[in-house]
Every structure is written in C-alpha cells, then in structure tokens.
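Okay, structure first, notes after.
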Amino acid sequence: MAGTLRALVIGCGRVGSSVALELQREGWDVVVVDENEDALGRLGEHWPGAFLVGHGMDVDLLREAGIEEADAVVVATDGDNTNIVIGQVAQKRFGVGCVVVRLLDPARARFYAESGVRTVCPTSVAIDTLMETVRACEIPVARTEVVR
C-alpha cells in the first residue's frame, strides 16, 4: 500500500509491544523484533504485523525486518548498551531518519541526546513527574510546639 508509514520496533516487552500496537492502530506497517519468541504473545492473537525472532544487533536480521525501507525505528530492549548500538546502526549505517532509543540511565540519555540521538528516558520522566506531584501537594504549615 503506497503511502503507508513503516516502523521497526526492536524489543517486545511492555514498552515495545505497546508502541508497536499503538503504531499499528494508527495505520503504520509494523515489524517487531525480539529474541524471545514468547514475546509475540504481548501483541495478541490477531497481530497483523510481522514478528521476527532474533537479536536486534544482527544486521542481516535488521535487513530482513525491512530496516532499509523503515520510516522509523524504535529501540526498547532491556539493555541501554544494546539500545544505543542498535539506534546508531539504524541512524548511521541505514540512514533511518527517525530513530528513537529508550535509555534508562539519565546521564547516558543526556549524553546521547546531545550527540543527536533521539532518546526517551523513563527514569528522568518518573523523577520529574514525582517531583512535580510532591511539589503540588498541599502540606499544612508545620505547627510550632509551645514549651511550658
């Protein structure tokens, strides 16, 4: 189908599977790669996209998954090092214009973001949200005890 956007999602855990399902609902053609064949279950019985079993750093597997035609690559495995390597391969070797990498380490996420990699750091998001929420609490002014 001409005009359909193509996404490659590496990692099919809670995050990767949710992203894949959401993109598919929005009309994207989605291919998911995960080392664990059982991860396909996260996509449901009627998953219309492709699912390949293998490691996301395998260049031949990435080609088989269609990285050369991908409009976007989302990398969300459980390892920061793996994610950054796959993201850089997608961006630099295959020239994918939209590569988004999940990194759990805030310092590493900042470093790579400053280097031009699109990063999402759930740890930083959680810290920011928790701080905003605690600051928004209405806390009564502390009472001063009177000593008699």
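The values are calculated or read from the model by the stated rules, or taken from the named source; none is laboratory data. Nothing here was measured: the structure is a model prediction, and the numbers come from that model. Note: ideal-geometry Cβ built from the backbone for every residue, glycine included; neighbour counts use all protein chains shown.
Overview of values
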{"item": "Tally of residues being in contact (Cβ under 8 Å) with a residue 24 or more places away in the chain and either in a loop (DSSP other than H, G, I, E, B) or under 20 Å from TRP28 (Cα atoms) (or both) across the stretch 62-86", "result": "15"}
{"item": "Options GLY87, GLY49; residue that is among the small types (Gly, Ala, Ser), surrounded by 11 or more Cβ atoms within 10 Å (Cβ to Cβ), closer than 28 Å to GLY3 by Cα and at pLDDT 95 or above", "result": "GLY87"}
{"item": "Filter result for GLY66 (modelled with pLDDT under 95 and within 20 Å of ARG6 (Cβ to Cβ))", "result": "no"}
{"item": "Output for the stretch 30-64, where each listed residue is closer than 20 Å to GLN91 by Cβ and within 17 Å of the chain's Cα centre (by Cα)", "result": "VAL30, VAL31, VAL32, VAL33, HIS55, GLY56, MET57, LEU62"}
{"item": "ASP71 being surrounded by 14 or more Cβ atoms within 10 Å (Cβ to Cβ), touching a Gly at 6+ places or on another chain (Cβ under 8 Å) and of a type in the set (Asp, Glu)", "result": "yes"}
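Condition check ((1) crowded, with 22+ Cβ neighbours inside 10 Å; (2) assigned to a strand (DSSP E or B); (3) among the basic types (Lys, Arg); (4) touching a residue at least 24 places away in the same chain (Cβ under 8 Å)) across all residues:
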position	(1), (2), (3), (4)
GLY3	no, no, no, no
LEU8	yes, yes, no, yes
CYS12	yes, no, no, yes
SER17	yes, no, no, yes
ALA20	yes, no, no, yes
GLY27	no, no, no, no
VAL33	yes, yes, no, yes
LEU40	no, no, no, yes
GLU45	no, no, no, no
